[in-house]
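I have placed the structure first, in the form of structure tokens, so that the comments after it can refer back to it.
The values are calculated or read from the model by the stated rules, or taken from the named source; none is laboratory data. What you see is a predicted model; the values in this text were computed from it and never measured. Every residue, glycine among them, receives a Cβ derived from its backbone with ideal geometry; neighbour counts consider all protein chains shown. Protein only, heavy atoms only, side chains kept; ligands, DNA and RNA dropped before computing areas. Shrake-Rupley method; radii C 1.70, N 1.55, O 1.52, S 1.80 Å.
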Amino acid sequence: MAAHSHSHSHSHARGVSRGMTNDIQERIKRLIIDQRLRSGAPLPTETELMELLGVSRNSVREALKALQAMGLVEIRHGFGTYVGPMSMAPMIEGLIFRTVAGHYRGEDSLLELLELREAVETGLIARLAGRIPEADLAELDAVVRRMEAEAAEGSVRAETDRAFHAALYGSLDNTLLSEVLEAFWDAFHRVRTDLVDVPTDPRVTCKQHREILESVRSGDALRAEGAIRDHFGNIRIRLRSAHQD
């Protein structure tokens, strides 16, 4: 019993029980929300937070460190603490780790990630058919032409593929959707590059992206959905064959 109370008082002396840290984190998050602070805005100093929340410096530091790990705050040593970028980075890292760990346990985790991308993109494409502004269609045209030039030289660069998907959904005017789609793209490509060598035919890649563009331009929602399904189906077939090698 004595040993137990000693260890308890030791952690208490450091002022950092997990429940307390979580509570302080929640209060700092609430402060960011209540004060309508944007990414990059300075937060109150450690001393001000101690006074404001009525807790020790150690507790404030532990809470800020935890919030920094989530990308919600950014600690710039010597300068102070700022509201974090609120990016999808922690989600991407989580997705990548989960997919890689699953792959090494013998699961089809990369195919699962591909299906997640496919489900979201096929669900959105019908909304875009016939509604993409002229400027965005021109940008997509330019990206497909770049793909064709790269294919003629041997392979389509990953960044060009990413640019196509980003331009395709940019006109939805939904920042969160665009960021989530980019996060899925990032996770998939980083894992795919690390885990399996997926053979690609650059001419097929170009043809499929050209078909996606022409189908959304035509306003034919069913054709657009079919084009997206073909594109993902092609990646799936190549992934499966790479798995079997």
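Projecting the Cα atoms of Ala66, Leu49, Leu31 onto the charge dipole of the range 12-83, computed from C-beta unit charges around the Cα centre, puts Ala66 farthest toward the positive end.
Taking the 1.4 Å solvent-accessible surface of the range 89-243 as the whole, the part contributed by carbon and sulfur is 51%. The structure shown yields Kirkwood radius over Cα pairs in Å, and of the options (i) 21.3; (ii) 20.8; (iii) 19.3 that calculated value carries the label (i). Largest to smallest in accessible area, the residues Glu159, Glu179, Glu153 fall in the order Glu153, Glu159, Glu179 (1.4 Å probe, all protein chains included).
The label-point distance for Asp141 and Val204, in a model that sets each label 7 Å from Cα toward Cβ, rounds to 2.9 nm.
For the range 147-179, the residues whose amide N sits under 20 Å from a probe point set 7 Å from the Cα of Ala41 along the beta carbon direction are 175-176.
Shown here are the Rg and Dmax of the Cα trace of the range 33-178, at 21.5, 65 Å.
Charges were assigned to the Cβ only: +1 to each Lys and Arg, -1 to each Asp and Glu. The resulting dipole of the range 12-83 about its Cα centre is roughly 160 debye.
Compute the long axis of helix 202-218 from its Cα atoms, compare it with the longest principal axis of the Cα atoms of the chain, and write down the angle in degrees, 0 to 90, nearest 10. For helix 202-218, the angle is close to 90 degrees. From the Kirkwood radius over Cα pairs of the range 47-112, Stokes-Einstein at 25 °C and 0.890 mPa s returns a whole-number translational diffusion coefficient of 173 µm²/s.
Direction-averaged projected area, Cα convex hull, the range 12-83: 4.5 nm², rounded to one decimal. Looking at the chain, the accessible area is 57 square angstrom per residue; that uses a 1.4 Å probe and ignores ligands, DNA and RNA. When the Cα positions of Gly106, Tyr169, Val156 are compared along the charge dipole of the chain, Gly106 comes out farthest toward the positive end, with charges on each C-beta of Lys, Arg, Asp and Glu.
The C-alpha atoms of the chain define a longest principal axis, and helix 175-195 lies at about 80 degrees to it.
Counting Lys +1, Arg +1, Asp -1, Glu -1, what net charge surrounds Val60 among other residues with beta carbon under 11 Å of its beta carbon? With Lys, Arg at +1 and Asp, Glu at -1, the neighbours total 0. With a sphere of radius 15 Å drawn around the Cβ of Ser178, what net charge do the other residues whose Cβ falls strictly inside it have (Lys, Arg +1; Asp, Glu -1)? Around Ser178, the charge tally is -4. Helix 18-34 and the long axis of the chain differ in direction by around 70°, with both axes built from C-alpha atoms.
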